[in-house]
Amino acid sequence: MLDPVTMKMVDLALREDLAGYGDVTSSWTVPQGAQARAHVVAREEAVVSGLDVAEAVLWRVDASCGWRALATAGEEVAQGAVLAELWGDARHLLAAERTLLNFLRHLCGVATQARRFAQAVAGTGALVV
């Protein structure tokens, strides 16, 4: 389980993204009770970070949704790599999607850039802090 501060960030992000109304488009276009499966796919080479936060987003929207991480924190992945698989109520998956991807994009981006900085100074005695 994530620390309380991170969970508060998840809750605030969901509140902002769903604005108390849920995913309005999905509620009008996706049949109630429809089930779906989805993959989280890397759009570019990256260092994986934030899968635990993404999972928390999904479970905050619907604890009955399934999540299976297919990558690990710190792993370097190629463009097109599947990072996770999700399944459950289609409306709920779509409601969680934007917030989940926003966290992943940001956290993977930070991890990727930090790795580049660390590699750039490797062997120099300098530290990235």
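Kindly indicate whether any position in the stretch 110-118 is within 18 Å of ASP23 (Cβ to Cβ), touching a residue at least 24 places away in the same chain (Cβ under 8 Å) and in a helix (DSSP H, G or I).
No, the stretch 110-118 has no match at all.
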Within the stretch 1-75, helices (runs of 4 or more DSSP H) holding 3 or more residues that are among the hydrophobic types (A, V, I, L, M, F, W, C) and surrounded by fewer than 11 Cβ atoms within 10 Å (Cβ to Cβ): none
Could you tell me how many of the residues in the stretch 76-86 are part of a strand (DSSP E or B) and of a type in the set (S, T, N, Q)? 0
Of all residues making up the stretch 76-88, the number that are surrounded by fewer than 20 Cβ atoms within 10 Å (Cβ to Cβ) and farther than 23 Å from GLY109 by Cα: 1
Given the conditions (1) within 18 Å of MET9 (Cβ to Cβ); (2) touching a residue at least 40 places away in the same chain (Cβ under 8 Å), and given that ARG105 satisfies all but one, which numbered condition is not satisfied? (2)
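Every number here is computed from the coordinates shown, using simple stated rules; none is lab data. The model shown is predicted, which means the values in this text are computed figures rather than measured ones. All Cβ positions, even for glycine, are placed from backbone atoms using ideal geometry, and neighbour counts span all protein chains on display.
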